[in-house]
Amino acid sequence: MQIKLIKGHGSGNDFLIIDEISNGYAFTEKERADLAKLLCNRQSELGADGILFVMQSENADARMRVFNADGSEASMCGNGLRLVARYVCEQLGRSKAVIETMKANLKVSKQMELEKDIHTYQVEISPVLFELKALPLNLNKPTLYNERIEELSEDLRFTALAVPNPHLIAIVETEQLQGDLQNQLSEKVNGPNELFPDGVNVSFVKHLQPGNIYVRTYERGVGFTNACGTAMSASTLVTCLHGLNTFEEVVNVFNNGGRVQCVVHQNEGKYTIDLIGNATYLYHATVNVDLEQGAFTVSSKMELMEQSSYEKFQSETQRYLKTEIKG
């Protein structure tokens, strides 16, 4: 089969966008999973963290489905949603849209550029659930807020929440970012284990100064990524709950892939989060795929020029992080 796609990234979290609406594709569930495993392989000519399938929706402007590089489906992806937001808004010739995701219909909109020549979009992150059964996390308690999990660490305190992807978040100091601790914890809770039967995204969060945090995430089904949009959103919420940042105010969230902004809204005990960041296209491509043989070839590729602007932006954020974290 021949497939047209766009490769892009949000905060360095890269995806292949496949439009099932305009191109009339009708993939089976197995084909979507197999395509993700094949095309996202880093040893191939493409490679990505996942595939974003843009589909017809009965109650929104479009529907997004996210398949990780290992073929598993994610219920939500904030960085990916920004790319889909851009794609749908440009297709419709509008600055706002509503995108159907697995758990909710979410508002998206074009925003002022974070920096010159960087396409910037705001996406809604919700619902926010603290009930452990929503992750799920098997502990004999209804929620976990700033508490130890003895099986994982004697020192760290964790908060668990779903947005709606499951997240386990610890606020740490610089020395805890160093070494292999996060990798060890993450591999434990994403392998066979009794705590998280479906795995979980694990984030270490460093408070830099009021309004600025750093987030590093081990993403289930992927491993360490440059950034995870729902993790950055959930981490911002946790820092607001800790009193390190303020509800309704912009928080700059730094990551290995760059920087985004998050705003946490609180209304009658419920939370929503605005995630604002880049939606950068790298290239358009056409591929010929043979799923039975597990092979593909790239028949055409048109490189775009947007990445150079993002790299300048990323360099600035890395200089800041080097000063704040690495000294």
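The values are calculated or read from the model by the stated rules, or taken from the named source; none is laboratory data. What you see is a predicted model, and the numbers here were worked out from it, not measured in a lab. Note that each Cβ is placed from the backbone with ideal geometry, even for glycine, and that neighbours are counted across all protein chains shown. Keep in mind that these areas ignore ligands, DNA and RNA; they rest on the heavy atoms of the full protein, side chains included. Shrake-Rupley method; radii C 1.70, N 1.55, O 1.52, S 1.80 Å.
Here are the numbers:
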item	result
List Ser309, Ser22, Ser11, ordered by accessible area with a 1.4 Å probe, largest first	Ser22, Ser309, Ser11
For the range 1-158: relative contact order, % (alpha-carbon pairs under 8 angstrom, 6 or more apart)	14
Low-density loop cleavage sites - GluC sites (Glu not before Pro) in the range 165-198, where at most 13 other Cβ are within 10 Å (DSSP)	Glu173, Glu194
Karplus-derived 3J(HN,Hα), 6.51/-1.76/1.60, for each residue of the range 116-128, Hz, glycine and proline x	4, 6, 10, 4, 10, 9, 10, 10, 7, 10, 6, x, 10
Probe 1.4 Å - accessible area at Thr246, Å² to nearest ten	70
Average silhouette area of the range 63-154, convex hull of alpha-carbon atoms, in square nanometres	8.8
Computed Kirkwood radius, in angstrom, where 1/r is averaged over Cα pairs of the range 83-214	17.1
Relative contact order (percent, whole number), the range 34-112, Cα cutoff 8 Å, 6+ residue spacing	25
Cleavage-rule hits (trypsin sites (Lys or Arg not before Pro)) in the range 1-47: DSSP loop, at most 11 neighbouring Cβ within 10 angstrom	Arg42
3J(HN,Hα) from dihedral phi, the range 270-277, Karplus parametrisation 6.51/-1.76/1.60, rounded to Hz, x for glycine, proline	10, 10, 9, 10, 8, 10, 10, x
Sequence-separation-based contact order of the range 272-327, relative, with Cα cut under 8 Å and 6+ spacing, percent	29
Simple spin-label estimate for Glu173 and Lys103 in nanometres, 7 Å along Cα-Cβ	3.3
In Hz, Karplus ³J(HN,Hα) per residue of the range 290-301 (6.51, -1.76, 1.60; θ = phi - 60°; x = Gly, Pro)	10, 5, 4, 8, x, 9, 8, 10, 9, 8, 7, 8
Globularity index of the range 112-187, i.e. its alpha-carbon radius of gyration over 2.2 N^0.38 Å	1.42
Sulfur and carbon atoms: percent of accessible area, the range 13-125 [1.4 Å]	44
Phe196 accessible area, assembled protein chains, probe 1.4 Å, Å²	0
For the range 1-156, alpha-carbon Rg and Dmax in angstrom	17.7, 53
Kirkwood Rh and Cα Rg combined as Rg over Rh, evaluated for the chain	0.95
Per DSSP, loop GluC sites (Glu not before Pro) in the range 51-113 with at most 11 further Cβ within 10 Å	Glu58
Portion, in percent, of the accessible area of the range 142-252 that falls on carbon or sulfur, probe 1.4 Å	43
Relative compactness, the range 206-324, computed as alpha-carbon Rg over 2.2 N^0.38 Å	1.34
Accessible area of the chain divided out per residue, in Å², using a probe of 1.4 angstrom	44
Cα-based equivalent ellipsoid, the range 1-83: semi-axes from gyration tensor eigenvalues, Å	18, 15, 12
